[in-house]
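We did not get these values from a lab; they are worked out from the coordinates using the rules stated. Keep in mind it's a predicted model, so treat the numbers as computed, not measured. Every residue, glycine as well, gets a Cβ built from its backbone with ideal geometry; the counts of neighbours run over all protein chains shown.
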């Protein structure tokens, strides 16, 4: 499955360049460079404390990096400098993310969770709420379209019959899938997932792997293929679905390449098995 | 019996005014977790704008009839909403992300600023307003005692229900309402999904101020007075209503408002008018001790 798409050169969607993040005296990320190719699944791996989540948080606007650049190259050729944008601007630029812990709007329904992710579009269509107030037809059409898209994703993750249930009441695995669907409803160019398989049983992990591949290939719904960047500890999934793997240790990149190559890299083995060797 | 029925009517119409204001407290608390202590003064500003509108309409001989009252309501809502927006923009937004007490202190400051601004610009005297809506429907006669549902009370009840219906629809059915509820649950996440949380918070203040303006206008028409200090006691009672109903719960705010209105009215009717405020505030103390989450509030469970 991992060989499905070998990206052509010069088609990167995300370019991270000499990214550094310092917390007080601690240099959590130290000059990391990597790229995410358009239409690929790229995995960011590394031992605990390697700086994976910090890199992620810089890309998604949670942290402002101390130094470096993060460029998102969209399909239309425009480039967004993510390190300068505020939260909601990053989502609008085309990056969606999930967290290690589930952050659904637990008190709202499954469907509402997916509609919130389409708020930007809805809001534009409704003239910032004024149209909605007057019950204009444009608003109804936009809302109907948003519900259609949500329904498509619910079908893709197998939750269509739970649309009106409260999100917080779903089983854990379903909540994880719903989070991914919600992120996809923002229609991102790049989907960032922080340990999506954490806490899933083998069957659920399997479903997740299929879902991610179908998101990459654009077969999950009518939405276009979407590049995926993920942090994951479950090496089974990483090796099976990733097109490209970036390995971090102590805040630095120690290896990158296709999964097979990375698996046999001696620096990677050293980092994971704890040999006293620094790359 | 007839007396009690009359008090019930009075209590409900007073309670609805409290409910309208309480919604503003509870909505802001729900979204940004602060008590907007200037909200009572926003109510006062709403009453003053309504008074100015009424007086200017009167001077051009346009006052009278339901259309004029609707116009006054609209003017008051529009201008008061602007005040609500401004207060948030200059006094609360710069403090977002600061320590928890900062916006609270700023709110108390804002309350004093608004009071003094109105005192200086409008004078400290109590402003009287002659009744704009006289008469009523006679419901029941018991000897000499006539149970009356005045047109004013009908106006209060009908307009409050109408405003609350629109508000409920806005919160539960529209994209804007969804965004507000999302911000209430997880503001950071809502932001990461593309929602402009600053604007959503602003809108909560605007809507809250508009509701307070309706309350202020109705209060002015009902009691015929306005002064720069009126927002304090009414505001604190509406706050009590919000706490009683469960702070953060919108239906709770309306329910709490009705209960406070009824308790206050019945207390005045059967016990002592002088102690009516004591009765209302005892409820606040009792709620905080025995039912901290209020009637419809939900338990806050901190995840560890």
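Counting only C-alpha contacts under 8 Å and six or more residues apart, can you give the relative contact order of chain B as a whole percent?
Relative CO of chain B lands at 36 percent.
For the Cα atoms of chain A, what angle does the longest principal axis make with the long axis of helix A:172-185, in degrees from 0 to 90, nearest 10?
80 degrees
Report the percentage of all Cα-Cα pairs in chain A whose separation exceeds 37 Å, rounded to a whole percent.
So the pairs more than 37 Å apart make up 13 percent of the total in chain A.
Going by how many other beta carbons lie within 10 Å of each one, how would you line up B:108, A:116, fewest first?
Sorted ascending by nearby Cβ count, the order is B:108, A:116.
So what does the Cα-only Debye profile of chain B read at q = 0.10 Å⁻¹, as log10 I(q)/I(0), no solvent term?
Debye curve over Cα of chain B, log10 I(q)/I(0) at q = 0.10 Å⁻¹: -0.55.
Hey, what's the Kirkwood Rh for the range A:144-270 if you take every pair of different alpha carbons, in angstrom? Intermediate values should be presented prior to the final figure.
Numbers: mean 1/r = 0.0634 Å⁻¹.
Final number for the Kirkwood radius of the range A:144-270 is 15.8 Å.
Restricting to bridges with both residues inside the protein assembly as shown, how much of the DSSP beta-bridge set is antiparallel, in percent to the nearest 5?
Among the beta bridges of the protein assembly as shown, antiparallel pairing accounts for roughly 65 percent.
What is the helix-to-structure angle for B:197-223, meaning the angle in degrees between its Cα long axis and the longest Cα principal axis of chain B, kept from 0 to 90 and rounded to the nearest 10?
Once rounded, one gets 10 degrees.
Principal axis lengths of the protein assembly as shown from Cα atoms, whole Å, largest first?
99, 49, 49 Å, listed from the longest principal axis down.
How high is the relative contact order of chain A, in percent, with contacts defined as C-alpha pairs under 8 Å that are six or more residues apart?
26 percent
Determine, for A:211, B:176, A:114, the number of other Cβ atoms within 10 Å of each Cβ, and report the residues in order from fewest to most.
Placing the least packed residue first, the sequence is A:211, B:176, A:114.
Measure nothing fancy, just the Cα-based angle from helix B:65-87's long axis to the longest principal axis of chain B, in degrees from 0 to 90, nearest 10.
It works out to around 30 degrees.
Among A:253, A:17, A:124, which comes first, second and so on when ranked by fewest other beta-carbon atoms within 10 Å?
Fewest to most other Cβ atoms nearby, the residues stand as A:124, A:17, A:253.
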